[in-house]
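Structure record follows, encoded as structure tokens.
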Amino acid sequence: MFRSRIPVNPLPTGIVTPLAQPSGVESTRESAPMGRDRHNSAAAPIAPARTTVQLTPGSAVALAAGGGAVVLVVGAVLVSMLLAVAITGVSVAVIAVVLRLLVKDMHKH
């Protein structure tokens, strides 16, 4: 299930590692040796070797803790922004009530 389907050759040796078959049947075909196909080397560019990332249990725990910390920080920022909007709304409502009372008081006199 987690087997790589990309052929991996750390160094270009001329022998191609076959793709992993999901059914368990493996191919026994090999490419021609390097000596016979030297004129075709420009036609098939060689991809650079990629390193695989291996997660140890400790690094998985650290990754989960880091993700949890990011969620907590983003949540705190969003809650503080919501609180700022709520406080601003309440203060605008209080100012509107005070201004209405002042205008009403001015019309009485």
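What follows is calculated from the coordinates using simple rules that are stated; it is not laboratory data. Keep in mind it's a predicted model, so treat the numbers as computed, not measured.
Could you give me the ³J(HN,Hα) list for the range 49-62, computed from phi with Karplus coefficients 6.51, -1.76, 1.60 and θ = phi - 60°, whole Hz, x at Gly and Pro?
Calculated HN-Hα couplings, in order: 5, 10, 8, 9, 9, 10, 9, 8, x, x, 6, 5, 5, 5 Hz.
Calculate how large, on average over all directions, the projected area of the Cα convex hull of the range 55-108 is; give the answer in nm² to one decimal.
Convex hull of Cα atoms, orientation-averaged projection: 3.2 nm².
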